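Enquirer: One structure is given below, represented as structure tokens, and several questions about it will come after.
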Amino acid sequence: MPLQAGCVHIIKMTFNVLGYATQSPKSPLAPFYFKRRDPRENDVVVDILYCGVCHSDLHQSFNDWGISQYPIVPGHEIVGRIRRVGSEVRKFKLGELVGIGCIIDSCRECSPCKNGLEQYCEKGYTQTYNSFDRHDHTLTYGGYSRSIVCPEDFVLRIPKTLDIKAAAPLLCAGITTWSPLRHWNITKGSRVAVVGLGGLGHMAIKLARALGAEVTLFTRSPSKEADAWKLGANYVVISTEASKMEGVKCGFDLIIDTVPYAHDINPYISTLTLDGTLVFVGFIGDIDSILNTMPMVLGRRSVAGSCIGGIAQTQEMLDFCGDHNITADVEIIRMDEINGAFERMLRSEVKYRFVIDMSTLDDQ
């Protein structure tokens with residue numbers, strides 16, 4: 001097939017890339033040269049400008065989930081510009097500003113994939129990092145690096161109206177909270193509660209409000225009230241105060257639980273309406289205590305989980321954010337500050353997302 005005008009045929013061309021990697025659960029991230037896989041005819045090569053720092057980067061670097069394959073180059077909140085395109089690429093052109101999130105491939109044949117739900121691929125989607133390429137079985141490396149190779153079908157357009165530094169976390173924190181809001185049909189007049197005010201929580205508040213919902217923050221810390229209101233919350237409930245919890249019984253259509261560690265969800269169940277749902281988006285693992293089914297049975301309430309979103313839904317979210325000027329609240333860091341950023345994340349000392357300026361990697 002003839003090449004597109006302006007396209008570069010890049011098949012069977014490997015190249016070295018500088019990134020930051022960890023070699024073991026106890027090793028700090030450090031400069032690491034590695035080879036990107038051979039770009040294929042339907043691939044684009046993206047020079048990375050900014051990369052968000054997700055809590056899952058920390059978990060996978062430390063092997064908290066027991067699935068880490070070392071060395072790990074983290075990063076799946078990627079914004080950059082296309083430097084090269086393969087001969088079969090039709091969706092993108094050289095120089096376009098694009099994003100790459102958590103998924104860079106899937107089987108594309110199962111029912112979820114055919115229905116735009118690649119995040120639930122029955123054969124397992126290919127993660128941007130800490131995964132194995134389904135074609136050549138090489139280990140995938142993420143966005144803490146100068147460039148990345150990705151099939152065009154898993155690349156996203158970044159609206160020109162958005163600040164690209166603050167748009168990077170939309171590729172994970174944004175879609176992780178957008179997907180349940182859309183699945184549970186949150187619209188104007190819906191009542192949504194958010195548990196936890198961090199990278200995910202602050203995006204959940206912004207997106208739910210923009211959809212027209214009435215939004216409440218559940219928090220254990222009174223010091224977070226002012227921030228919650230600035231972000232758009234209508235109400236704040238201190239979850240350790242029994243009288244406050246009693247006052248919101250049967251109040252919420254959807255509760256988005258963003259807390260990334262084990263915690264007791266029983267106090268929140270009775271605050272759901274009839275047929276309401278509490279959905280986990282931040283924690284993976286065993287819940288902290290036995291779940292009391294009484295309020296679930298008596299109110300036909302549900303506890304569920306949700307995993308990021310498919311490519312089409314992620315583009316929908318980005319376009320929505322472009323229309324409503326929604327981005328993450330970020331702190332920009334240098335690449336060589338990443339280990340300190342991880343330590344601060346463990347202490348919850350960021351409002352609300354770190355983003356790495358990847359131009360600082362050239363200074364190493």
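The values are calculated or read from the model by the stated rules, or taken from the named source; none is laboratory data. Note that the coordinates shown come from a computational prediction; the quantities given were computed from them, not determined experimentally. Here the Cβ is made from the backbone with ideal geometry for all residues, glycine too, and neighbour counts use every protein chain on show. These area figures cover heavy atoms from the full protein model, side chains too; ligands, DNA and RNA do not enter into them. Shrake-Rupley method; radii C 1.70, N 1.55, O 1.52, S 1.80 Å.
Enquirer: Note down all Cβ pairs under 6 Å where the first residue falls in the stretch 283-303 and is assigned by the TED database to the domain that holds Asn266, the second is of a type in the set (Asp, Glu), and they're at least six residues apart or on different chains.
Expert: Asp288/Asp264; Ser289/Asp264; Arg300/Asp275
Enquirer: Kindly indicate which of Arg157, Arg83, Arg134, Arg146 is outside the structural domain of Gly282 (by the TED database), touching a strand residue (DSSP E or B) at 6+ places or on another chain (Cβ under 7 Å), basic (Lys, Arg) and within 18 Å of Ile67 (Cβ to Cβ). Spell out the reasoning first.
Expert: Details: Arg157 fails: within 18 Å of Ile67 (Cβ to Cβ); Arg83 fails: within 18 Å of Ile67 (Cβ to Cβ); Arg146 fails: within 18 Å of Ile67 (Cβ to Cβ).
Of Arg157, Arg83, Arg134, Arg146, the one residue that is outside the structural domain of Gly282 (by the TED database), touching a strand residue (DSSP E or B) at 6+ places or on another chain (Cβ under 7 Å), basic (Lys, Arg) and within 18 Å of Ile67 (Cβ to Cβ) is Arg134.
Enquirer: Report whether or not Asp227 is buried (at least 17 other Cβ atoms within 10 Å of the Cβ) and either part of a helix (DSSP H, G or I) or touching a residue at least 24 places away in the same chain (Cβ under 8 Å) (or both).
Expert: Numbers: buried (at least 17 other Cβ atoms within 10 Å of the Cβ): yes; either part of a helix (DSSP H, G or I) or touching a residue at least 24 places away in the same chain (Cβ under 8 Å) (or both): yes.
Yes; evaluated as a whole, the condition is true for this residue.
Enquirer: Could you list all residues from the stretch 116-134 that are of a type in the set (S, T, N, Q) and either farther than 12 Å from Cys102 by Cα or open to solvent by 30 Å² or more (accessible area, probe 1.4 Å) (or both)?
Expert: Keep residues of the stretch 116-134 that are of a type in the set (S, T, N, Q), which gives 119, 126-128, 130-131.
Scanning the stretch 116-134 gives a single hit, Gln127.
Enquirer: Of the residues that sit in the stretch 325-364 and are within 18 Å of the chain's Cα centre (by Cα) and small (Gly, Ala, Ser), which one is nearest to Leu207 (Cα to Cα)?
Expert: Per the stated criteria, the residue is Ala328.
Enquirer: Given the structure, is Ile256 closer than 21 Å to Arg182 by Cβ and assigned by the TED database to the domain that holds Thr216?
Expert: Criteria met by Ile256.
Enquirer: So, one more: Do we have Gly309 as closer than 30 Å to Met358 by Cβ and of a type in the set (Gly, Ala, Ser) here? Give the steps one after another, and end with the answer.
Expert: Numbers: closer than 30 Å to Met358 by Cβ: yes; of a type in the set (Gly, Ala, Ser): yes.
Here the answer is yes, as Gly309 does meet what is asked.
Enquirer: Being open to solvent by less than 20 Å² (accessible area, probe 1.4 Å), more than 25 Å from Thr22 (Cα to Cα) and touching an Asp or Glu at 6+ places or on another chain (Cβ under 7 Å): is that true of Pro169 here?
Expert: Numbers: open to solvent by less than 20 Å² (accessible area, probe 1.4 Å): yes; more than 25 Å from Thr22 (Cα to Cα): no; touching an Asp or Glu at 6+ places or on another chain (Cβ under 7 Å): yes.
No, not satisfied.
Enquirer: For Lys160, only one of the following conditions fails: (1) under 23 Å from Arg81 (Cα atoms); (2) in contact (Cβ under 8 Å) with a residue 40 or more places away in the chain; (3) surrounded by 15 or more Cβ atoms within 10 Å (Cβ to Cβ). What is its number?
Expert: If we test Lys160 against (1) under 23 Å from Arg81 (Cα atoms); (2) in contact (Cβ under 8 Å) with a residue 40 or more places away in the chain; (3) surrounded by 15 or more Cβ atoms within 10 Å (Cβ to Cβ), just (3) comes out false.
Enquirer: Still on this structure, please answer the following. Could you pull out every one of the strands (runs of 3 or more DSSP E) wholly within the stretch 264-339 that has 2 or more residues that are open to solvent by less than 30 Å² (accessible area, probe 1.4 Å) and of a type outside the set (Gly, Ala, Ser)? Walk me through it before giving the result.
Expert: On the way: elements: 272-280, 302-305, 330-333.
Strands (runs of 3 or more DSSP E) meeting the threshold: 272-280.
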